[in-house]
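Structure first, commentary second.
Quick note: the coordinates plus some simple rules give every number you see, no bench work behind them. Note that the structure is a prediction, hence the values are computed from the model and not measured. Cβ sites come from the backbone with ideal geometry, for glycine too, and all protein chains shown count toward neighbours.
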Amino acid sequence: MRITTKLSRAVTALALSAIVGLGLANGAQAASAQDNTAHPSARSATEGGGWQGEGGLSLSPADNARVDAYLEQAKKAERSISPQVRAAAVLSAAEVIGFDRRLKSPDSLKRKVATSMRENPGQNVGEALARISDSVRYTLQWPDDRYSVGVTIASHTLAAWGNDSTKWTNRWNGGKGYKGLNTGWHAPHSGHSFEIQFHTPTSKWAQEETHKLYEEQRLPTTTPERAKELQEQQDSIFAMVPVPPGADRLTAPRVPVTASRR
């Protein structure tokens, strides 16, 4: 089944204005203000201003300060990103999952940065942060029978509003392991990167069921034998997830010249 969607910039802009008028965007910004106090500095901060995590991961005081500054940038960027994501969800009849967790926690981000620097000797904190695409992240979900159409509408809507598609990882096209569609975007106003995962109820369930297994697998202290065992457990869970019709053929939106950012 081939799915085509034509969305004009004028129509989507009007739709966004209408949705903002209903107070959805204001709600997102109000929630964002609450999040500014919801994530205090990482619990694993050391007395000297550095950061210490599991598995021997750590950040120096200077690197920790750089990550803290990046977290503040993410909070500010989220205030303009969230209204568009929520509007796209309304237009595509998506359920927004875990909206209160749209900002990556300090410990989680610092663990990711420290892991990247450990796995890439010589990499500095700025280079590690440049590879981060999910400090602001969202999950949109549809039932299986509306999934492919919903993804198409939501992604084309975001692209028409000037968000650049930077990553499109479609894991519905067979094979073992993770099922779902993970996408990366570059916001037009803040220039900040953000992630949107497109799921069905079953694929989201599988992701949550395997989360702890995945986290353990990523620890530097996990042995190769244990990592293999953890991967097999994840594969068995994702094998239960059905593929929605047309999901394996979904591709990133191509933005027409008239909708490109000036």
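When both the stretch 169-183 and the stretch 54-125 are represented by their alpha-carbon centers, they are found 22 Å apart.
Over the stretch 65-112, the reciprocal of the mean inverse Cα-Cα separation, the Kirkwood hydrodynamic radius, stands at 12.1 Å.
Tell me the Kirkwood hydrodynamic radius of the stretch 37-160 in angstroms, computed as one over the mean inverse distance between distinct C-alpha pairs. Result for the stretch 37-160, one decimal place: 16.1 Å.
Determine the shape class of the stretch 161-238: with a ≥ b ≥ c the square roots of the Cα gyration tensor eigenvalues, call it rounded for a/c under 1.5, and otherwise prolate if a/b is greater than b/c, oblate otherwise. Note, shape of the stretch 161-238 comes out prolate.
Based on the convex hull around the alpha carbon atoms, the stretch 119-192 presents an average projected area of 6.8 nm². May I ask for log10 I(q)/I(0) of the stretch 82-228 at q = 0.16, 0.20 Å⁻¹, from a Debye sum over the Cα atoms as equal point scatterers with solvent left out? Ignoring solvent entirely, the Cα scatterers give -0.98, -1.36.
From the cross-link list Lys104/Lys176; Lys75/Lys204; Lys179/Lys212; Lys204/Lys228; Lys75/Lys110, which pairs have alpha carbons spaced over 19 Å apart? With Cα atoms farther than 19 Å apart: Lys104/Lys176; Lys75/Lys204; Lys204/Lys228.
Using only Cα positions of the stretch 89-161, each an equal point scatterer, no hydration layer, compute I(q)/I(0) via Debye at q = 0.11, 0.14, 0.17 Å⁻¹ and quote the log10 values to two decimals. The Debye formula, applied to the Cα set alone, gives -0.43, -0.62, -0.76. Between the residues Ala239, Ala227, Ile153, the greatest Cα displacement towards the positive end of the dipole of the stretch 144-262, with unit charges on the Cβ of Lys, Arg, Asp and Glu, is found for Ile153.
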